[in-house]
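Remarks on the structure that follows.
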Amino acid sequence: MQKNSTLRQLKAREREVRRDLIIDAARKVFGTKTYDKVSMQEIANEAGIAKSSIYTYFQNQEDLFVEAAYRDTNRFINELEQRLAGPDDRAAIETLIDEFIEYCTVNEIYWKMITRFSLYGEISNASARKLDVVARRFMDMLDLVFEGEADTEQRRLFSHALFAALSGILIAFRKYPGRSAEESLAHMKKVGQLVQKMFAAYRQPG
């Protein structure tokens, strides 16, 4: 009885390892083009497995993309949450801006994957609902740094504006000509802190 239980656990673990391997491979491929332009064969080649093996775990490219994006965004949020100082605190906004820019710079594949999807991707309603869960969780986290705003709708508007501003900074300066990766990161953080000051000035009464 114990032997059968052990075997089941080993098989379950093996399946999880294989699933993670496929997701890691897909993440790399999705970082080079939009998911609808990616073939299962490309992912299989990257993972070093037969294409048919992928279909044991995922129905299609969309299913695989959504799972990769869902996992990575949750991981991103978890790391940001650990570094935030607290709600309605200037240090919290500064920390969030710095960490957001640095995370998306260091984790280039994730940033490319999400950006390409935002620009070109289309997914089914079921997939959209799954990604909406992490999107809302991310915006809820941003809302915390604007908790001083009594109006919930205004707070969410600030969160959307901050997210759009940071995304724009990354698109505009991530590969700035004539600058090293370190110089580009430092410049993006400077621009990010200017954005923080603009938010602070706008929110001051009077």
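The values are calculated or read from the model by the stated rules, or taken from the named source; none is laboratory data. This structure is a prediction, so every number in the text was calculated from the model and none was measured. Neighbour counts run over all protein chains shown; Cβ positions are idealised from the backbone, glycine included. Heads up: the accessible areas ignore ligands, DNA and RNA and are worked out on the full protein's heavy atoms, side chains in. Shrake-Rupley method; radii C 1.70, N 1.55, O 1.52, S 1.80 Å.
Quick look at the values:
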quantity	calculated
Along principal axes, Cα extents of region 93-168, largest first, whole Å	35, 30, 17
Rounded to whole Hz, the Karplus (6.51, -1.76, 1.60) HN-Hα couplings of region 161-168, x for glycine and proline	5, 5, 4, 5, 5, 5, 4, x
Sites Arg203 and Ala181, calculated FRET efficiency, Cβ-Cβ separation with R0 35 Å, nearest 0.05	0.60
Protein accessible area in the chain, 1.4 Å probe - carbon and sulfur %	51 percent
Loop-resident sites, region 46-79, for chymotrypsin sites (Phe, Trp or Tyr not before Pro), counting at most 14 other Cβ within 10 Å (DSSP)	Tyr55
With DNA, RNA and ligands ignored, accessible area of Leu84 (1.4 Å probe; Å², nearest 10)	40 Å²
Loop-resident sites, region 125-206, for trypsin sites (Lys or Arg not before Pro), counting at most 16 other Cβ within 10 Å (DSSP)	Lys175, Arg179
Note, ³J(HN,Hα) from phi for region 195-202, Karplus 6.51, -1.76, 1.60, rounded to Hz, x at Gly and Pro	4, 4, 5, 5, 4, 4, 5, 5
Anisotropy class of the chain from Cα gyration tensor, a/c 1.5 cut	prolate
